[in-house]
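The values are calculated or read from the model by the stated rules, or taken from the named source; none is laboratory data. Predicted model, so just to flag it, every value in this text is computed and none were measured. We work out accessible area using only protein heavy atoms, side chains counted, and drop any ligands, DNA or RNA first. Shrake-Rupley method; radii C 1.70, N 1.55, O 1.52, S 1.80 Å.
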Amino acid sequence: GMGRGMMSPGMMGDGHDSAAMTDMRGIHELLANHDRIRRTVTNLPDGIRTVTESDDPETAQLIRDHVASMGRRVRTGKMLGVPIESPAVRAIYANKDKISTTSEPSAKGIVVTQTSSDPKIVALLQQHATEVSDLVRGGMAAMHTAMMKNHGMMGGGMNGPMMERGRMPHNGMMPGER
(Lines give C-alpha, C1' and ligand atoms only; values in the text may rest on other atoms or scores of the structure.)
Protein backbone atom coordinates (compact mmCIF):
# COMPACT_ATOMS: atom_id res chain seq x y z
CA GLY A 1 0.00 0.00 0.00
CA MET A 2 0.98 3.62 0.50
CA GLY A 3 3.49 4.47 3.25
CA ARG A 4 5.92 1.66 2.32
CA GLY A 5 8.53 3.70 0.51
CA MET A 6 8.30 6.53 3.00
CA MET A 7 11.19 5.51 5.27
CA SER A 8 13.73 4.10 2.91
CA PRO A 9 15.49 6.76 0.85
CA GLY A 10 16.01 9.49 3.42
CA MET A 11 16.86 7.26 6.31
CA MET A 12 19.41 4.95 4.80
CA GLY A 13 20.74 6.35 1.56
CA ASP A 14 20.14 4.76 -1.83
CA GLY A 15 19.47 1.18 -2.70
CA HIS A 16 17.87 0.25 0.58
CA ASP A 17 15.42 -2.52 0.32
CA SER A 18 12.94 -3.85 2.84
CA ALA A 19 15.54 -6.54 3.59
CA ALA A 20 17.87 -3.85 4.92
CA MET A 21 15.12 -2.55 7.20
CA THR A 22 14.47 -6.08 8.45
CA ASP A 23 18.18 -6.62 9.05
CA MET A 24 18.49 -3.36 10.98
CA ARG A 25 15.47 -4.28 13.10
CA GLY A 26 17.12 -7.61 13.89
CA ILE A 27 20.38 -5.92 14.83
CA HIS A 28 18.57 -3.47 17.12
CA GLU A 29 16.68 -6.28 18.78
CA LEU A 30 19.88 -8.27 19.34
CA LEU A 31 21.62 -5.20 20.80
CA ALA A 32 18.62 -4.49 23.03
CA ASN A 33 18.85 -8.07 24.34
CA HIS A 34 22.65 -8.19 24.41
CA ASP A 35 22.69 -9.32 28.05
CA ARG A 36 20.96 -12.54 26.97
CA ILE A 37 23.68 -13.33 24.43
CA ARG A 38 26.88 -15.28 25.04
CA ARG A 39 29.63 -15.10 22.44
CA THR A 40 32.98 -16.83 22.27
CA VAL A 41 35.55 -16.17 19.56
CA THR A 42 38.39 -18.61 18.97
CA ASN A 43 41.18 -17.42 16.69
CA LEU A 44 42.34 -20.14 14.33
CA PRO A 45 45.62 -20.07 12.38
CA ASP A 46 43.61 -19.29 9.24
CA GLY A 47 40.58 -17.49 10.62
CA ILE A 48 38.00 -17.58 13.41
CA ARG A 49 35.38 -19.74 15.01
CA THR A 50 32.56 -17.95 16.81
CA VAL A 51 29.87 -19.42 19.02
CA THR A 52 26.94 -17.07 19.64
CA GLU A 53 24.12 -18.38 21.83
CA SER A 54 21.25 -17.46 24.11
CA ASP A 55 19.22 -19.41 26.67
CA ASP A 56 16.19 -17.51 25.38
CA PRO A 57 14.85 -19.46 22.36
CA GLU A 58 13.56 -16.31 20.63
CA THR A 59 16.93 -14.59 20.93
CA ALA A 60 18.68 -17.77 19.75
CA GLN A 61 16.49 -17.76 16.63
CA LEU A 62 17.19 -14.05 16.06
CA ILE A 63 20.91 -14.82 16.19
CA ARG A 64 20.54 -17.60 13.58
CA ASP A 65 18.41 -15.40 11.30
CA HIS A 66 20.89 -12.53 11.60
CA VAL A 67 23.89 -14.72 10.75
CA ALA A 68 22.07 -16.21 7.76
CA SER A 69 21.04 -12.85 6.39
CA MET A 70 24.50 -11.27 6.92
CA GLY A 71 26.00 -14.27 5.12
CA ARG A 72 23.66 -13.66 2.17
CA ARG A 73 24.62 -9.97 2.16
CA VAL A 74 28.33 -10.69 1.99
CA ARG A 75 27.83 -13.28 -0.77
CA THR A 76 25.80 -10.84 -2.88
CA GLY A 77 28.08 -7.92 -1.96
CA LYS A 78 25.17 -5.80 -0.69
CA MET A 79 26.35 -3.92 2.38
CA LEU A 80 23.69 -2.44 4.63
CA GLY A 81 25.24 1.00 4.12
CA VAL A 82 24.92 2.12 7.73
CA PRO A 83 27.57 3.77 9.93
CA ILE A 84 27.80 0.68 12.14
CA GLU A 85 29.71 -1.01 9.29
CA SER A 86 33.39 -0.58 10.15
CA PRO A 87 36.40 -0.37 7.83
CA ALA A 88 36.97 -4.07 8.62
CA VAL A 89 33.44 -4.87 7.43
CA ARG A 90 34.00 -2.96 4.19
CA ALA A 91 37.27 -4.82 3.62
CA ILE A 92 35.55 -8.17 4.26
CA TYR A 93 32.93 -7.38 1.59
CA ALA A 94 35.67 -6.31 -0.82
CA ASN A 95 37.52 -9.59 -0.26
CA LYS A 96 34.53 -11.91 0.03
CA ASP A 97 35.90 -14.26 -2.63
CA LYS A 98 38.91 -15.03 -0.42
CA ILE A 99 36.77 -16.01 2.57
CA SER A 100 35.22 -19.38 3.23
CA THR A 101 32.30 -19.39 5.69
CA THR A 102 30.51 -22.36 7.21
CA SER A 103 27.87 -22.19 9.90
CA GLU A 104 25.93 -24.79 11.85
CA PRO A 105 23.07 -24.21 14.24
CA SER A 106 23.75 -25.24 17.83
CA ALA A 107 21.11 -26.03 20.45
CA LYS A 108 21.05 -22.40 21.62
CA GLY A 109 22.36 -20.42 18.67
CA ILE A 110 24.95 -20.84 15.94
CA VAL A 111 28.58 -21.74 15.35
CA VAL A 112 30.33 -19.92 12.49
CA THR A 113 33.77 -20.69 11.07
CA GLN A 114 35.41 -18.24 8.66
CA THR A 115 38.78 -18.91 7.09
CA SER A 116 41.06 -17.43 4.44
CA SER A 117 44.42 -18.38 2.96
CA ASP A 118 45.40 -14.68 2.96
CA PRO A 119 46.93 -13.64 6.33
CA LYS A 120 45.70 -10.04 5.85
CA ILE A 121 42.12 -11.30 5.49
CA VAL A 122 42.58 -13.57 8.52
CA ALA A 123 43.57 -10.49 10.57
CA LEU A 124 40.46 -8.65 9.28
CA LEU A 125 38.17 -11.54 10.22
CA GLN A 126 39.68 -11.57 13.71
CA GLN A 127 39.36 -7.80 14.05
CA HIS A 128 35.73 -7.87 12.96
CA ALA A 129 34.96 -10.75 15.34
CA THR A 130 36.28 -8.56 18.17
CA GLU A 131 34.11 -5.64 17.01
CA VAL A 132 31.03 -7.86 17.10
CA SER A 133 31.95 -9.15 20.56
CA ASP A 134 32.26 -5.54 21.76
CA LEU A 135 28.74 -4.87 20.45
CA VAL A 136 27.37 -7.97 22.17
CA ARG A 137 29.01 -6.89 25.42
CA GLY A 138 28.02 -3.23 25.21
CA GLY A 139 24.66 -3.30 23.42
CA MET A 140 23.21 -0.02 22.10
CA ALA A 141 25.87 2.09 23.84
CA ALA A 142 28.59 0.17 22.00
CA MET A 143 26.72 0.64 18.73
CA HIS A 144 26.71 4.41 19.22
CA THR A 145 30.42 4.37 20.02
CA ALA A 146 31.09 2.34 16.87
CA MET A 147 29.00 4.72 14.76
CA MET A 148 30.85 7.75 16.11
CA LYS A 149 34.18 6.07 15.49
CA ASN A 150 33.32 5.05 11.92
CA HIS A 151 31.86 8.47 11.13
CA GLY A 152 34.94 10.09 12.63
CA MET A 153 37.05 8.23 10.06
CA MET A 154 35.49 10.44 7.40
CA GLY A 155 35.11 13.69 9.29
CA GLY A 156 38.71 14.42 10.26
CA GLY A 157 38.33 12.56 13.54
CA MET A 158 41.79 11.00 13.16
CA ASN A 159 43.15 12.47 16.39
CA GLY A 160 45.79 10.25 17.97
CA PRO A 161 44.37 8.86 21.23
CA MET A 162 41.05 7.77 19.67
CA MET A 163 42.82 5.62 17.11
CA GLU A 164 45.13 4.10 19.70
CA ARG A 165 42.20 2.48 21.41
CA GLY A 166 41.45 0.36 18.33
CA ARG A 167 42.85 -2.74 20.09
CA MET A 168 44.33 -4.26 16.93
CA PRO A 169 46.62 -7.07 18.11
CA HIS A 170 50.24 -6.40 17.14
CA ASN A 171 51.05 -9.87 15.94
CA GLY A 172 47.61 -10.72 14.57
CA MET A 173 47.09 -13.20 17.40
CA MET A 174 44.74 -12.81 20.32
CA PRO A 175 44.08 -14.76 23.48
CA GLY A 176 41.66 -17.60 22.70
CA GLU A 177 38.62 -16.27 24.54
CA ARG A 178 36.97 -12.95 23.59
Cross-link partners of Lys108 among lysines (Cα-Cα below 16 Å; sequence separation of 8 or more within a chain):
none
State the percentage of accessible surface on the stretch 33-118 attributable to carbon and sulfur atoms; use a 1.4 Å probe and exclude ligands, DNA and RNA.
50
Linear extension gain, Thr145 paired with Thr76, 0.36 nm per residue minus alpha-carbon span
22.1 nm
Before I look further, what does the stretch 32-129 give for accessible area per residue, probe 1.4 Å, in whole square angstrom?
51
Among all the lysines, which ones have a C-alpha under 25 Å from Lys78's C-alpha, if same-chain residues fewer than 8 places away are not counted?
Lys96, Lys98, Lys120, Lys149
Heavy atoms only, 1.4 Å probe, whole protein assembly: order Lys98, Lys120 by accessible area, highest first.
Lys120, Lys98
